[in-house]
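Step one of this worksheet: look at the structure below.
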Amino acid sequence: MRNSAILVLANKQDMKNAMSPAEVCEHLGPYNLKNRRWHIQGTCAPKGEGLYEGLDWLHVSRPLTDQ
């Protein structure tokens with residue numbers, strides 16, 4: 001798990017008061033994670049928006065190697 005990629009799905013983007021992916025990023029603070037690849041993807045599950053984009057990112061993200 002040390003070199004795992006982290007994908008956060010910021011769901012409910014169709015809701016009026018939903019936090020944007022940038023706001024989710026501010027609250028979670030992923031910039032503090034060292035040696036990790038991370039991505040926050042806005043999604044709307046009922047419409048299928050953003051789901052494939054997030055999964056595509058996860059698929060192409062390779063674990064970082066120990067150096």
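The values are calculated or read from the model by the stated rules, or taken from the named source; none is laboratory data. Keep in mind that what you see is a predicted model, and the values were worked out from it rather than measured. Don't worry about glycine lacking a Cβ; one is built from the backbone with ideal geometry, like all the others, and counts go over all protein chains shown. The accessibility values were calculated without ligands, DNA or RNA, using every heavy atom of the protein model including side chains. Shrake-Rupley method; radii C 1.70, N 1.55, O 1.52, S 1.80 Å.
Round to the nearest 10 and give me the degree value, 0 to 90, for the angle of helix 51-60's Cα axis relative to the longest principal axis of the chain.
10 degrees
In sequence order, what are the phi-derived ³J(HN,Hα) couplings for region 38-48 according to the Karplus relation 6.51 cos²θ - 1.76 cosθ + 1.60 with θ = phi - 60°, rounded to whole Hz, with x for glycine and proline?
9, 8, 10, 10, x, 9, 9, 4, x, 8, x
Where nothing but the Cβ of Lys and Arg (+1) and of Asp and Glu (-1) is charged, how large is the charge dipole of the chain around its Cα centre, in debye to the nearest 20? Spell out each step's value before the answer.
On the way: 8 positive and 7 negative charges, 43 e Å.
Charge dipole of the chain: 200 debye, to the nearest 20.
Quick check for you: with a 1.4 Å probe and neighbouring chains kept, what is the accessible area per residue of the chain, in Å²?
Values: 5310 Å² over 67 residues.
About 79 Å² of surface per residue is accessible.
Could you tell me the extents of the chain's C-alpha atoms along the three principal axes, largest first, rounded to whole Å?
For the chain, the Cα spread along each principal axis is 44, 24, 14 Å.
Amide H of K12 versus every other amide H placed in the peptide plane: which residues, excluding those fewer than 5 positions away on the same chain, fall under 5 Å?
Those qualifying (amide H under 5 Å, at least 5 residues apart or on another chain) are T43, A45.
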